[in-house]
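The block underneath contains the structure these notes are about, expressed in structure tokens.
The values are calculated or read from the model by the stated rules, or taken from the named source; none is laboratory data. Keep in mind that this is a model prediction, so the values were computed, not measured. As a convention, Cβ positions derive from the backbone with ideal geometry for all residues, glycine included, and neighbour counts pool all protein chains shown. Areas reflect the complete protein model, heavy atoms only, side chains present, ligands, DNA and RNA absent. Shrake-Rupley method; radii C 1.70, N 1.55, O 1.52, S 1.80 Å.
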Amino acid sequence: MNILVINAGSSSIKYQVINMDDESVIAKGQIERIGIPGSKLTHKPGSGEPFVLETDMPDHVAGMQHLLAALTDEKHGVVKSLDDIHAVGHRVLHGGSKFSASVVIDDAVKQAIEEYIPLGPLHNPANLMGIKACEKVMPGTPQVAVFDTAFHQTMPPKAFMYALPYECYTDLKIRRYGFHGTSHRYVSKRVADFLGVPASALKTVTCHLGNGSSISAVDGGKCVDTSMGLTPLEGVPMGTRSGNLDPAIIQFIMQRTGKSIDEVNNMLNKESGLLGLTGVTSDMRDVTAAANDGNERAQLAIDMLVYAIKKYIGGYAAAMNGLDCLVFTAGIGENMAHIRRRVCADMDFLGIKLDEAKNEHRGGDFVISADDSKVKVVVIETNEELAIARETLDLVK
Ligand code: ADP
């Protein structure tokens, strides 16, 4: 069974085709600049040369048509016909409080995704466009929505509520939803399998550290808290997002600079975090290089990120009354030994003891804690596409 995984943005579609018999990726690629001059499809078959097509793609339907043509092409295609694509799994950002699991898409699901547009104004409309385009170009193929928020729906009210007037929750649906759920679910389950322990027996903190970063507390396989909130802005400092701050700062900036609320919102989402602190880069590889060259602001940015992560780990260990397992994943978590080393330093009170040599390993899933560490510290490669494909398969097989 082959599953097409779609991650649709407002002007882009990223995709993978996964053969679920052996979970191999038989093709992947992306379409950029949909509806903008210079539309481009880059298609990489599992083996063979990438195929690049530059032609006008005015909307997502046109993009999907070119994508499917590439998948079934005689030369660079990977399937004989569209009948060999058995289902489509869509990454959908916001499922609000309605979806605690993935679902087969029908009219009611599409309507709900639409209803949650105010909560995911950039992503949900794009995700819907991807769904509708697929329905149009491959009618009859089952489609599944896999929500970034779903895994976090098990949080108790004390974790997901904000201490605002209660009507903000009942009328405006303001609460913590959390994001990166597909990744947190995948790595928290994978680490249990990897350690040979049932997920139900583990208290785990999962640190998804990429351009966007979030940290989750997973008790017995269920998410009980997570660092991102109503939107992905809350939590630790990220590539360009501020993470937590005193909400009064927003009004203060507006009064002092004359910036509008949209400008301040843009500042918090696009001009803050590593980029804002260093003034030059949102990319942790560049921040690290600058810090090594003696750039004090880059060093401060790293210090602040590490400190924020430590506080979440400590807080979540307290919330769960214990910690068995600490997971690092995503671009920074998987690849940056110095960040892991610093996060785990001076955490022996909590039972975290790193093995410095193991921590320098690269690639795959691996344990980085010392043999006598009470808490197992593990690097797990996240794979959101595979997770989406698995959930899709479960629902359609
Ligand atoms: P996204 O949230 O966009 O999926 P990633 O998970 O790819 O982001 O993480 C990107 C971050 O990881 C950047 O800060 C980057 O510097 C850092 N990073 C470090 N090493 C690597 C690597 N080998 N590949 C990709 N990103 C890396």
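Data table
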{"item": "Accessible carbon and sulfur surface of region 73-179 relative to its total accessible area, %, 1.4 Å", "result": "57 percent"}
{"item": "For region 281-375, accessible area per residue (1.4 Å probe, heavy atoms of protein chains only), Å²", "result": "48 Å²"}
{"item": "Cβ-Cβ FRET estimate between ASN321 and SER100, R0 fixed at 22 Å, reported to 0.05", "result": "0.35"}
{"item": "Coordinate range along principal axes, alpha carbons of region 244-397, Å, largest first", "result": "55, 49, 33"}
{"item": "Pair ALA248, ARG297: separation of 7 Å Cα→Cβ label points (nm)", "result": "2.7 nm"}
{"item": "Cβ-derived FRET efficiency at R0 35 Å, ASP56 paired with ARG285, nearest 0.05", "result": "0.50"}
{"item": "Accessible area expressed per residue, region 36-106, with surrounding protein chains retained (probe 1.4 Å, Å²)", "result": "50 Å²"}
{"item": "Paramagnetic label zone (point 7 Å from Cα along Cα-to-C-beta, ASN265; backbone N under 12 Å) in region 222-258", "result": "231"}
{"item": "Accessible surface of region 263-397 [probe 1.4 Å, protein heavy atoms]: carbon and sulfur percent", "result": "48 percent"}
{"item": "Between region 335-363 and region 222-260, the alpha-carbon center distance in angstrom", "result": "28 Å"}
{"item": "Calculated [θ] (222 nm, deg cm²/dmol) that DSSP helices of n ≥ 4 give over the chain, each run adding -39,500 (n - 2.57)", "result": "-11000 deg cm²/dmol"}
{"item": "Label point at MET1 placed 7 Å out along Cα→Cβ; residues across region 79-119 whose backbone nitrogen lies under 11 Å", "result": "86-88"}
{"item": "Rounded to whole Hz, the Karplus (6.51, -1.76, 1.60) HN-Hα couplings of region 336-347, x for glycine and proline", "result": "10, 4, 5, 5, 4, 4, 6, 5, 7, 5, 6, 10"}
{"item": "Spatially proximal lysines relative to LYS311 (Cα-Cα < 30 Å; intrachain offsets below 8 disregarded)", "result": "LYS158, LYS173, LYS189, LYS203, LYS222, LYS270, LYS353, LYS358, LYS374, LYS376"}
{"item": "ASP21-ILE36 pseudo-label distance in nm [points 7 Å out on the Cα-to-Cβ vector]", "result": "4.0 nm"}
{"item": "Gyration tensor verdict on region 230-334 (Cα atoms; rounded if a/c is under 1.5, prolate if a/b is larger than b/c, oblate otherwise)", "result": "oblate"}
{"item": "The chain: antiparallel DSSP beta bridges as a percent of all, rounded to 5", "result": "70 percent"}
{"item": "Other-chain or far-sequence residues with amide H under 5 Å of VAL92's (modelled H)", "result": "VAL146, PHE147, ASP148"}
{"item": "Cubic angstrom per residue, convex hull over Cα atoms of the chain", "result": "161 Å³"}
{"item": "Residue-normalised accessible area of region 114-210, expressed per residue, 1.4 Å probe, Å²", "result": "43 Å²"}
{"item": "Rounded if a/c under 1.5, otherwise prolate or oblate - region 3-146, Cα gyration tensor axes", "result": "oblate"}
{"item": "The chain, dipole about Cα centre (Lys/Arg Cβ +1, Asp/Glu Cβ -1), debye to the nearest 20", "result": "640 debye"}
